[in-house]
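Got a structure for you, written out below as structure tokens; questions coming shortly.
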Amino acid sequence: MTPNPYEPPTSAVELRSDIVDRTQRDEFAESIRRFLDESITAFEFDELVDNYRDSQDSAVRFVAQAVWYHYDDCDDHLVSLSKPEWDYFQRLLLLLESNSRVQSRNSRRWSVSQLVALCSLLGFAWIAFHIGWSSGLLLAAMPFGIISIGIARLQRPVATHGPYDQLVFPFKTLSDLRATYHAVKFRKTRFPQHIQSRIVRSPFMCGVYQLQFYLAWLMLSPLALVSQLLPATETHTEVIVESSANVA
């Protein structure tokens, strides 16, 4: 099983407690609704999200991680979501309104990628030893950056999701989703069509930022290769649907 495309790639959501903090859940849900209602901007929302990243409630921690990938913290803006993203936010709100917990487990995977990263890093070290510390090292690092980018693409897991995963995640099944809807009497908010065409930044600026990112990757490839010596980590998240839990 590979991570859902909506799942935040982080181990920070690992289960540390079974506490259901109803106060935090309600407050966080209200903050999300204010963002969806366009009452606050991304910068204001980000400040509110910061209050919940280290919560003792596993569901609150998960949602705080999950929403971070759906707004920009560099350019301030009003909510800008696609219809599938909007529906995902509704399921996150449903999770906060329920007594369900979030359980995550990590799996580490070794592959030939680590060997390629090690050989590339040794190759760069050999070049650095011969040319010395100079501006030429940045140019020498670029070919190894191409290798590093290739490793990153190879390490990306191949999606093998079920036909309904995108409709139910973070819940495991349609039955779990339906049962939670009925248990909390949740009312889904309709997707506002006027935000569908809203963009945070122009395609040109997206290209500029992406170019800067890859140039930095090429020049700092030794650092990337060091991180790629470690086994690839995959996080599997599951909502444990239950109505009886310790409520704080």
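Along Cα→Cβ, 7 Å out, is where each label goes; now give me the distance between the ones at Leu211 and Leu154 in nm to one decimal.
Calculated label separation equals 2.9 nm.
Sticking with this one: On full extension of the chain, what length is gained from Ser107 through Arg178, given 0.36 nm per residue of separation minus the C-alpha to C-alpha distance?
Gain on stretching Ser107 to Arg178: 22.6 nm.
Still on this structure, I have one more. When only the heavy atoms of the protein chains count and the probe is 1.4 Å, how do Ser148, Ser82 rank by accessible area, highest first?
Ser82, Ser148
Let me ask something else. Can you tally the net charge around Ser100? Count Lys and Arg as +1, Asp and Glu as -1, for every other residue whose Cβ sits under 9 Å from the Cβ of Ser100.
-1
Separate question: Output needed for region 82-136: three equivalent-ellipsoid semi-axes, defined as square roots of 5 times the C-alpha gyration tensor eigenvalues, in descending order, whole Å.
For region 82-136, the ellipsoid semi-axes come out as 48, 18, 11 Å.
Just the number please: accessible area per residue for region 117-248, 1.4 Å probe, all protein chains included, in Å².
Values: 8800 Å² over 132 residues.
Heavy-atom SASA per residue in region 117-248 reads 67 Å².
Given N residues in region 162-221, what is its alpha carbon radius of gyration divided by 2.2 N^0.38 Å?
Normalised Cα radius of gyration, region 162-221: 1.90.
Now for a separate question. Restricting to DSSP loop positions (anything but H, G, I, E, B) with no more than 16 other Cβ atoms inside 10 Å of their own Cβ, which GluC sites (Glu not before Pro) remain in region 18-48?
The qualifying sites are Glu38.
Also: State the Cα centre-to-centre distance between region 167-217 and region 87-144 in whole Å.
Answer, in whole Å: 24.
Calculate one ³J(HN,Hα) per residue across region 203-217 by plugging θ = phi - 60° into the Karplus curve 6.51 cos²θ - 1.76 cosθ + 1.60, and present them in order as whole Hz with x for glycine and proline.
x, 5, 5, 4, x, 4, 5, 5, 5, 4, 4, 6, 5, 5, 4
Percent of Cα-Cα pairs more than 19 Å apart in region 82-228, please.
So the portion of pairs separated by more than 19 Å is 70 percent.
Largest first, please: the extent of the C-alpha atoms of region 141-242 along each principal axis, to the nearest Å.
57, 38, 21
Can you give me the solvent accessible area of Ile240 with a 1.4 Å probe, rounded to the nearest 10 Å²?
Taking all protein chains as shown, Ile240 has close to 40 Å².
In addition: Could you put Asp37, Asp46, Asp57 in order of accessible surface area, largest first, with the 1.4 Å probe and the full protein assembly present?
Ranking Asp37, Asp46, Asp57 by accessible area, largest first, yields Asp37, Asp46, Asp57.
Give me the net charge for the shell around Ser113: Cβ to Cβ below 12 angstrom, other residues only, Lys and Arg +1, Asp and Glu -1.
In short, +3.
Quick one: order Lys83, Lys172, Lys185 from most to least accessible surface, probe 1.4 Å. All intermediate terms of the calculation are to be shown ahead of the outcome.
Details: Lys83 85, Lys172 125, Lys185 160 Å².
Correct descending sequence by accessible area is Lys185, Lys172, Lys83.
Give the residue list of chymotrypsin sites (Phe, Trp or Tyr not before Pro) in region 162-231 that are DSSP loop and have at most 14 other beta-carbon atoms within 10 angstrom.
Those satisfying the criteria are Tyr164.
Hey, any idea what % of the chain's accessible area is carbon plus sulfur with a 1.4 Å probe?
Details: 8300 of 13900 Å².
Result for the chain: 60 percent of the exposed heavy-atom area is carbon or sulfur.
The values are calculated or read from the model by the stated rules, or taken from the named source; none is laboratory data. Remember, predicted model here, so these are calculated numbers, not experimental data. Cβ: placed from backbone, ideal geometry, glycine included. Neighbour counts: every protein chain shown. Remember, those area values only see protein heavy atoms, side chains included, never the ligands or the DNA or RNA. Shrake-Rupley method; radii C 1.70, N 1.55, O 1.52, S 1.80 Å.
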